[in-house]
Ligand code: IPD
């Protein structure tokens, strides 16, 4: 397929923003039904186990994905759709990212948080062409935080505040990260690992790197903290915002990261597909197809590189 012009991309972005808002409202309404409310009958929503006891799907994941998929196929029938729940229901490997214009959607990222009503859950809609994430829309309705980006137009919080919000002139490259960074990582869903296993070692090496870099920087400090939010998508949104300095996960799928990677890149951050800490920053995402299970993201050092952004209403 031919390249997509900026004008076409702008139209797709406007559509994606409205879609994200509508899908986020569905999440919020569904979450409210699960809250204890005196005098009201509470709707108990079942969740179903997928691969294991922490890999869960609710009716809401499925309803929101069906809604997003049908809106996209009405408006862009020739575009490919990759969604977490459609994939779980048995789509083949071919179903994942290639060069076609592709929508990559997680209808509810942070399903465990949603089940426990911990507010770190969101809808995540990415648009990818020729394997490049070009548009990202992430809406966390409980937090009322709406992140969006369109290649060439900037990255935004709630459509008015340009990302990054947190200004810091020094990018936190792990080897010379300033003290006072906040690191984030996720446990993912794989529980097959044992204490000496790969996942444990990776998490440990990442946490050790976080603990050590402050000392190595010669400023006598330590990192400010390590966070595990339970939503890879929101981790990336907070990297774009500048709140988190470095994020790493070994085990995500395309739909966990597509929108977040688009937003981080447009905000001027970096994303690589690498293990911490040895080989990070060797392979910028622009040269790598989404499809890796490993991602390391680093917050923007300064203002967004896109000077000619627009603010949608
Ligand atoms: C999961 C969350 C979690 C991450 C997993 C994801 P889901 O997505 O983002 O934080 O560690 O890798 O699969 O199942 O809640 O959509």
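The values are calculated or read from the model by the stated rules, or taken from the named source; none is laboratory data. Everything numeric here is computed off the predicted structure, so don't read it as measured data. Positions of Cβ are generated from backbone atoms using ideal geometry, with glycine treated the same way; all protein chains shown enter the neighbour counts.
This table checks each residue for (1) at negative phi; (2) within 15 Å of the ligand (Cβ to nearest atom).
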position	(1), (2)
110	no, yes
117	no, yes
126	yes, yes
137	yes, no
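Given the structure, is residue 100 touching a residue at least 60 places away in the same chain (Cβ under 8 Å) and assigned to a loop (DSSP other than H, G, I, E, B)?
So residue 100 fits the description; yes.
Out of all the residues in the stretch 255-273, which are within 16 Å of the ligand (Cβ to nearest atom) and either assigned to a strand (DSSP E or B) or surrounded by fewer than 24 Cβ atoms within 10 Å (Cβ to Cβ) (or both)? Within the stretch 255-273, 271, 273 meet the criteria. Modelled with pLDDT under 95 and not assigned by TED's automatic domain parsing to the domain that holds residue 132: is that true of residue 35 in this structure? No, not satisfied. Quickly run through the stretch 124-158 and pick out the residues that are in contact with a helix residue (DSSP H, G or I) (Cβ under 8 Å, 6 or more places away or on another chain), closer than 29 Å to residue 35 by Cα and not in a strand (DSSP E or B). Once the filter is applied, which keeps residues that are in contact with a helix residue (DSSP H, G or I) (Cβ under 8 Å, 6 or more places away or on another chain), closer than 29 Å to residue 35 by Cα and not in a strand (DSSP E or B), the stretch 124-158 yields 141, 142.
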